[in-house]
Amino acid sequence: MNRIERGHIKHAVMKSIEESQPHSIFFISDYAELGAAETIRKILHEATITGALEKAGHGIYVKPKNSRFGHVPAPLEKIAKEIAARDRCVILPTGNTAANLIGLSTQVPMNLSYITTGSTRTVKIGERKISFHHASPKNFAAKGSVMPLLIQGLREIGEGKISEADMTALKSFIYRQKDPHLQEDLQLAPAWMQRIIKKLM
């Protein structure tokens, strides 16, 4: 590749970065139609040197965002969703990640965990990690978005360990979401979870 060709590719890549919003996520594969992966990797690396991008993880780049308080790290949830979109797979929060989202845990997890229709792997983002665990299609059968989170969050707490405070948090979560598919999706939950959720509905 001559300098002119590389210059055209670099101009196209940098233009897309400049026109994007802060915290936009970039992958080498985003520019597959422009040139070879190694060429794109070098251009994105050069963008990190100038400060136009930050390297968040292996092959993952983020456009920086700053506030009056300083640098604002990109949310791991956003990076996880962008990885799923790139890989054309579905992800669903599980474990502590799900429990936190539905209010069963007030502690924000350092590392995020998801089940996925894609492959099992762990992506390191700085000192934090995003874990993806392949799961069967039945885990993604719900029509709405609330029941899958309830199932994963309740599974993390465990049968017989749901407190009154947990019940209050769950009721508040269900009320705020207003999922029209909740009743229909209820049959996907284990019997002990159905008993709990019916009380809250």
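The values are calculated or read from the model by the stated rules, or taken from the named source; none is laboratory data. Just so we're clear, the structure is a prediction, and the values are computed from it rather than from any experiment. Every residue, glycine among them, receives a Cβ derived from its backbone with ideal geometry; neighbour counts consider all protein chains shown. Areas reflect the complete protein model, heavy atoms only, side chains present, ligands, DNA and RNA absent. Shrake-Rupley method; radii C 1.70, N 1.55, O 1.52, S 1.80 Å.
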Fill in the blank from the handout: Connecting every pair of Cα atoms under 10 Å apart in the chain and solving the GNM, the largest mean-square fluctuation among S67, S172, S119 falls on S67
Exercise for the section: Note the listed values (i) 67, 35, 34; (ii) 44, 38, 28; (iii) 67, 39, 28, then indicate which one is Cα extents along the principal axes in Å calculated from this particular structure. Expected result: (iii)
Exercise for the section: Filter the chymotrypsin sites (Phe, Trp or Tyr not before Pro) in region 104-179 to those in DSSP coil with at most 11 other Cβ atoms within 10 Å of their Cβ, and list the result. Expected result: none
Fill in the blank from the handout: Here, T48 and A85, labelled 7 Å along Cα→Cβ, have an inter-label distance in nm of 2.2
Practice task
Determine ³J(HN,Hα), in whole Hz, for all residues of region 80-93 in sequence, where each value follows from phi through the Karplus function 6.51 cos²θ - 1.76 cosθ + 1.60 and θ = phi - 60°; x replaces Gly and Pro.
Solution key: 4, 5, 5, 5, 4, 5, 4, 8, 6, 10, 9, 10, 9, x
Exercise for the section: Would you mind calculating the gained length between L200 and T168 on full extension (0.36 nm times residue separation, minus the Cα-Cα distance), in nm to one decimal? Expected result: 10.6 nm
Handout entry: Modelled FRET efficiency - R0 45 Å, Q183 with H71, Cβ distances, 0.05 increments
Key = 0.50
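Would you mind working out the magnitude of the charge dipole of region 1-66 relative to its Cα centre, with +1 at each Lys and Arg C-beta and -1 at each Asp and Glu C-beta, to the nearest 20 Debye?
Here region 1-66 has a charge dipole of around 160 debye.
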Problem - Antiparallel content of DSSP bridges confined to the chain, in %, to 5 - result: 75
Handout entry: On Cα atoms only, tilt of 146-157 relative to the major axis of the chain in degrees
Key = 80
Exercise for the section: Please give the contour-minus-distance gain from A12 to R176: 0.36 nm per residue of separation, less the Cα-Cα distance, rounded to one decimal in nm. Expected result: 54.7 nm
Practice task
Rank these by accessible area, largest first, 1.4 Å probe: S163, S145.
Solution key: S145, S163
Fill in the blank from the handout: Rounded to one decimal in nm, the spacing of the 7 Å Cα→Cβ label points at T106 and S136 is 3.8
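For region 86-130, what does the accessible surface come to per residue with a 1.4 Å probe? Please give it in Å². Please list the in-between numbers first.
On the way: 2500 Å² over 45 residues.
That works out to 56 Å² for each residue.
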